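Here's the structure we're looking at; comments come further down.
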Amino acid sequence: MPGYNSANRTVTSFESTDAAMLATGAHDRDMNSAASSRGSNDDAAPPTASPPQTNRFIAGFLAALARLLSGFSVRWIDSQPDTCQRVYFANHTSHLDPLVLWAALPSEVRALTRPVAAHDYWIKTWLRRYIARKVFDALLIDRENVTVKNNPIRMMLEAIGTTNSLIVFPEGHRNTADELDEFKSGLYYLAKKRPDLELIPVYIDNVNRVLPRGEFLPVPLLSCITFGAPMWLEVKEPKDSFLKRARDAVIRLREMDREE
Amino acid sequence: MSDPLTRTWLLVGGVLAVLAVTTAVGQYLRARAERGGLNPSVVNDFNLRIRAWWLMSSVLAAAFLFPLWVTVLIFGLISFWSLREFITLTPTRPGDHRALFWVFFIITPAQFVLVGMGSQMYGVYSVLIPVYAFLFIPVRVAFSGDAKRFLERTAKIQAGLMICVYCLSHAPALMSLDIPGFRSPWDRARLLFFFVVIAQFGDVMQYFWQRMAGRRIIAPTINPNRTWESFLGTLGSCSLLGAALYWATPFGPLEAVGMSAVIALMGFAGGMTMSAIKRDRGVKDYGTLVTGHGGVLDRIDSICFAAPVFFHFTRLLHAEW
């Protein structure tokens, strides 16, 4: 089972002082099942802040709505849904992507998984703010002025803590072309700081037709979400080759999608 | 047999019996396929069709038990889903998005609301899509300003709307036909039931005769499973079933044979046409297009093509209008 051996690989640069520092982030949720599966995190400082008040009922409703609208089917290829700490990285073509990917996860995994999304988009209206904060507890990244304080990597590390998982779109923007863009380096730095995280490639197919760029009304076509086998940053792996490997993993899922 | 209620129960009971027999045959064929000798995928297809038939029959129970609008709603949902499969398979461009929104959320519901309002709206629902939507879609696409493959894109959306929505909506519309001496809710539901049973039976028979006697393929590049033998076999079996069920319909025995043959012919034509579309797009089934989905369009293509023709024949020959 390729999905479950990640703890054994947590060997090289992971230090408990890092874990202690990260665990002081405000979003640790006390999920025993997730924490106990990761032995190396057990000595981290206990979470200090209370869990954010997300609305489970609305979350379930919204996930069902997303499923209905985008008609997605979910496939796991060489991996399984799991509450262990993961970073899901996917191609990005539509504003619906974070919602759809998040909805494709089983609800107990969903409760631990936070999408990383663009601050400028998700604070624009009351509804978006509500969804981002109360439903999927999104981590909003400022794309325009990056300062030391809102450094995306630091924010992601804080958000992931010792129990959470993240959904990231390493292309950094919605891509309308047929080819995937080069990945931004955030995924690499995240993996370098936390080599224990399972990195799961995800290919999202056809959601760009459900809600294309610049549109606000969805058209209910059918889409497909494919989760691939977990990968990790290899010891001393250079940034560019890691990012290329990650991008190729997503592209490979797309090729599988088209072959069938 | 003159009591509509008795006739209805006889029809439902008879159909259940035929279903039970075909299900048994399907299981027998599967057992033989497992021992080798038969093509498992053909047998599997046969069994899938029987399962769809069971499903359709249970859906149609709604026609007997609930008012017209419930049946219309169920067909509306089937329509919506098959249109979804059709458009997903069809390449569209971002410029089509607004037109598609109209197609899914305004034109499709409007068609079924009009059908649900009964036969007095026939003059409206019979032209809403072939005239008004036909004109509206290219206009809406043109306004979004993308000329690339314009005619092809609009034609595909129009075809999807015609096949999945307009044609299929004629199935529940059968229940609103005003036929003298055939006006009780039981009678009306039975006409729809008769139609769906013959069409689905044709689907099953096509596979059966293909397996038993298929030799001369009609068009190998379109569908190697459709032969002249299976075509004639389907026509013959459906006519026989139609004759056996004539007492359930407003038709005489000979007329019932003719009507059943028409349904079988159109059903076969529908399967053939949808195969051509699928071949062009390089998929075998709409169901495999997106993994995990059932492929509703694969199961109802015969009903889509047969419904408007059966509707009009019945209307012209029997209904008051």
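The values are calculated or read from the model by the stated rules, or taken from the named source; none is laboratory data. Computed from a prediction, not measured in an experiment: that's the story for all the values here. Methodologically, a virtual Cβ is constructed for each residue, glycine included, from the backbone with ideal geometry; neighbour enumeration extends over all protein chains shown.
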Study note, to complete from the structure: Condition set more than 7 Å from chain A (Cβ to nearest Cβ) and either within 15 Å of A:LEU69 (Cβ to Cβ) or of a type in the set (Gly, Ala, Ser) (or both), scope the stretch B:85-102, selection surrounded by the fewest Cβ atoms within 10 Å (Cβ to Cβ): answer is B:GLY95
Exercise for review: Out of A:PHE183, A:PHE169, report the one residue that is away from chain B (no Cβ under 12 Å), more than 14 Å from the chain's Cα centre (by Cα) and in contact (Cβ under 8 Å) with a residue 12 or more places away in the chain.
Suggested key: A:PHE183
Study note, to complete from the structure: When the stretch A:225-243 is checked residue by residue, the ones that are touching a residue at least 60 places away in the same chain (Cβ under 8 Å) and either in a loop (DSSP other than H, G, I, E, B) or of a type in the set (A, V, I, L, M, F, W, C) (or both) are A:ILE225, A:PHE227, A:GLY228, A:ALA229, A:PRO230, A:TRP232, A:VAL235, A:LEU243
Exercise for review: Collect the residues in the stretch B:216-271 that are hydroxyl-bearing (Ser, Thr, Tyr) and in contact (Cβ under 8 Å) with a residue 12 or more places away in the chain, keeping them in residue-number order.
Suggested key: B:THR221, B:THR227, B:SER230, B:THR234, B:SER237, B:SER239, B:THR249, B:SER260
Exercise for review: Please indicate, with yes or no, whether at least one residue in the stretch A:225-245 is at the interface with another protein chain (Cβ under 10 Å from one of its Cβ atoms), small (Gly, Ala, Ser) and over 15 Å from the mean Cα position of the chain (by Cα).
Suggested key: no
Study note, to complete from the structure: Selection from the stretch A:214-224 of residues more than 10 Å from A:LEU96 (Cβ to Cβ) and either more than 7 Å from chain B (Cβ to nearest Cβ) or among the hydrophobic types (A, V, I, L, M, F, W, C) (or both) yields A:GLY214, A:PHE216, A:LEU217, A:VAL219, A:LEU221, A:LEU222, A:CYS224
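Rundown of residues vs (1) under 11 Å from the mean Cα position of the chain (by Cα); (2) closer than 30 Å to A:ASN151 by Cβ; (3) within 14 Å of chain B (Cβ to nearest Cβ), yes/no style:
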| site | (1), (2), (3) |
| --- | --- |
| A:ALA66 | no, no, no |
| A:SER70 | no, no, yes |
| A:ILE77 | no, no, yes |
| A:GLN80 | no, no, no |
| A:GLN85 | yes, yes, no |
| A:TYR88 | yes, yes, no |
Exercise for review: Please verify whether the stretch B:108-120 includes one or more residues that are within 14 Å of chain A (Cβ to nearest Cβ) and either surrounded by fewer than 16 Cβ atoms within 10 Å (Cβ to Cβ) or among the hydrophobic types (A, V, I, L, M, F, W, C) (or both).
Suggested key: yes
Point to revise | Candidate set from the stretch A:195-213 (those that are within 17 Å of A:GLN85 (Cβ to Cβ) and touching a helix residue (DSSP H, G or I) at 6+ places or on another chain (Cβ under 7 Å)); member that is nearest to the other protein chains (Cβ to nearest Cβ) | key: A:VAL202
Study note, to complete from the structure: When every residue in the stretch A:60-114 that is closer than 22 Å to A:ILE153 by Cα and charged (D, E, K, R) is compared, the one modelled with the highest pLDDT is A:ARG86
**Study point:** Every residue from the stretch A:176-203 that is of a type in the set (Gly, Ala, Ser) and assigned to a loop (DSSP other than H, G, I, E, B)
**Key:** A:ALA177, A:SER185
Check your understanding: Do we have B:VAL131 as modelled with pLDDT of 95 or more and closer than 19 Å to B:ALA319 by Cβ here?
Key -> no
Check your understanding: Hey, does the stretch B:198-210 have a residue that's surrounded by fewer than 20 Cβ atoms within 10 Å (Cβ to Cβ) and either modelled with pLDDT of 95 or more or of a type in the set (S, T, N, Q) (or both)?
Key -> no
Point to revise | the stretch B:57-84, subset crowded, with 19+ Cβ neighbours inside 10 Å and of a type in the set (S, T, N, Q), residue nearest to the other protein chains (Cβ to nearest Cβ) | key: B:SER82
Exercise for review: Return yes when A:ARG133 is farther than 22 Å from A:MET256 by Cα, more than 14 Å from every other protein chain (Cβ to nearest Cβ) and without any contact (Cβ under 8 Å) to a residue 12 or more places away in the chain and no when it is not.
Suggested key: no
